[in-house]
Amino acid sequence: MQIEINDDFDLAKIVASGQCFRAGLVNNGTYRFITGNNVLYIQETERGLFSVSCDCDEWHSVWIKYFDLDRNYRTIFEEEHGKHPFVDRTMDAGRGLRILRQDPWEILVSTIISQRKSIPVIQKSVEIIAEKYGTIKKTEYEELKLFPSAKDLLHVSEDDMRKCGVGYRAPYILDAISKVTSGEVDLGVIKELPDGELLQSLERIRGVGEKVANCVALFSYGRTACVPVDVWISRAINDDCCGISPFDLYGENAGIIQQYIFYYKLSRQR
DNA sequence: TATCAGGGCCTAG
DNA sequence: CTAGGCCCTGAT
């Protein structure tokens, strides 16, 4: 099916921006995204025109939300550009980035894993967990594994989890499995809470601190006022912003600005 | 072979 | 509030 998207939307930048760990380029120009039980193959055929593997119903019920296409990033870009010289540069470089609305459970586990790891290593651990414990999904192109639900992981021991390369984070993930399946932290219910309480609920899980909670809030619940501050963002604040955090300038869009800055720093590291 | 750092968090003091 | 430790892997 053909889709027209009349907004900032750059697949390569989105995939390289470190917010999703299983999405990627599968072959010349075709990107694959996975969320829940759905798999999408998408390719930009002409400027603003995309070929997608799903039907119209699935595009509207799943992927418009996933790609945050109800939000106009061009308008945000124009509104926020011009407030801060360094941030402006990162926005110019990252134009086309969007904040995906990904599955909260997958993002929770992935970001617990992410602490003190490099992105390729995170991707590897997430992939091993999917490979070992995910259910099989057949598409018209390939057979792959979905990311396992919390319930799928209930029987997994700490030792099993360590064999996925997660190291000392294994007990953290077990605690997440336990609290999410028991409903002590209900990922569906907390969706309705205001930002502060949402973060607090997530931080009841061991191994979930301020940064991980903000990642889940931003990358799966679409809380664009939330700003995960990691080593790259704090370096940007120290090295490029004279030690003064720029995020107060951007209010409800601060999380989106964070993604421009993160992408900019990451793509310039080597 | 040795050392370091990687989208942090927990515990002690 | 700050300092250290942490499991493991890839890079140098």
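The rows are residues; the columns are (1) away from DNA strand C (no atom under 16 Å from the Cβ); (2) in a helix (DSSP H, G or I); (3) surrounded by 19 or more Cβ atoms within 10 Å (Cβ to Cβ).
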residue: A:Asn6; (1), (2), (3): yes, no, no
residue: A:Lys13; (1), (2), (3): yes, yes, yes
residue: A:Cys20; (1), (2), (3): yes, no, yes
residue: A:Thr45; (1), (2), (3): yes, no, no
residue: A:Ser51; (1), (2), (3): yes, no, no
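Look at A:Ser110 and say whether it is farther than 22 Å from A:Leu40 by Cα and either free of Cβ contacts under 8 Å to residues at least 40 places away in the same chain or among the small types (Gly, Ala, Ser) (or both). For A:Ser110, the condition - farther than 22 Å from A:Leu40 by Cα and either free of Cβ contacts under 8 Å to residues at least 40 places away in the same chain or among the small types (Gly, Ala, Ser) (or both) - is not met.
Looking across the range A:215-238, the residues that are part of a helix (DSSP H, G or I) and either touching a residue at least 40 places away in the same chain (Cβ under 8 Å) or more than 25 Å from A:Lys65 (Cβ to Cβ) (or both) come down to A:Cys215, A:Val216, A:Leu218, A:Phe219, A:Val231, A:Trp232, A:Ile233, A:Ser234, A:Arg235, A:Ala236, A:Ile237, A:Asn238. Filtering A:Tyr172, A:Tyr168 for residues that are more than 24 Å from A:Gly255 (Cα to Cα) and touching a residue at least 60 places away in the same chain (Cβ under 8 Å) leaves a single hit, A:Tyr172.
Whether a residue is modelled with pLDDT of 95 or more and under 18 Å from the mean Cα position of the chain (by Cα) was assessed, and A:Ser125 passes this test. Is it fair to say A:Val189 is more than 14 Å from DNA strand B (Cβ to nearest atom), in contact with a Phe, Trp or Tyr (Cβ under 8 Å, 6 or more places away or on another chain) and farther than 28 Å from A:Tyr41 by Cβ? The answer is no for A:Val189. For A:Glu140, the conditions (1) in contact with a strand residue (DSSP E or B) (Cβ under 9 Å, 6 or more places away or on another chain); (2) modelled with pLDDT of 95 or more; (3) not small (Gly, Ala, Ser) are fulfilled apart from (2). Taking the listed residues A:Arg204, A:Arg162, the one that is of a type in the set (Lys, Arg), more than 16 Å from DNA strand C (Cβ to nearest atom) and at pLDDT 95 or above is A:Arg204, with no other qualifying. Determine if the range A:19-39 includes at least one residue that is touching a Gly at 6+ places or on another chain (Cβ under 7 Å), of a type outside the set (Ser, Thr, Tyr) and either in contact (Cβ under 8 Å) with a residue 24 or more places away in the chain or farther than 30 Å from A:Gln115 by Cα (or both). No: zero hits. Any residue that is touching a residue at least 24 places away in the same chain (Cβ under 8 Å) and closer than 28 Å to A:Val185 by Cβ - is there at least one of those in the range A:51-63? Taking every residue of the range A:51-63 in turn, at least one turns out to be touching a residue at least 24 places away in the same chain (Cβ under 8 Å) and closer than 28 Å to A:Val185 by Cβ.
Scanning the range A:173-199 for residues that are within 16 Å of DNA strand C (Cβ to nearest atom) and surrounded by fewer than 20 Cβ atoms within 10 Å (Cβ to Cβ) turns up A:Leu174, A:Asp175. All conditions but one from (1) modelled with pLDDT of 95 or more; (2) outside the structural domain of A:Leu144 (by TED's automatic domain parsing) apply to A:Thr111; the one that does not is (2).
Please determine whether any residue of the range A:82-102 is surrounded by 19 or more Cβ atoms within 10 Å (Cβ to Cβ), assigned by TED's automatic domain parsing to the domain that holds A:Ile14 and among the acidic types (Asp, Glu). So far as the range A:82-102 goes, no, none of its residues is surrounded by 19 or more Cβ atoms within 10 Å (Cβ to Cβ), assigned by TED's automatic domain parsing to the domain that holds A:Ile14 and among the acidic types (Asp, Glu). With respect to the conditions (1) under 19 Å from the mean Cα position of the chain (by Cα); (2) at pLDDT below 95, A:Gln19 falls short on a single one, namely (2). Taking the range A:89-180 and the helices (runs of 4 or more DSSP H) fully enclosed by it, the elements with 3 or more residues that are more than 13 Å from DNA strand B (Cβ to nearest atom) and more than 29 Å from A:Ser267 (Cβ to Cβ) are at A:158-162.
The values are calculated or read from the model by the stated rules, or taken from the named source; none is laboratory data. On a predicted model such as this, the values are computed, not experimentally measured, just so you know. We place every Cβ from the backbone using ideal geometry, glycine too, and count neighbours over all the protein chains shown.
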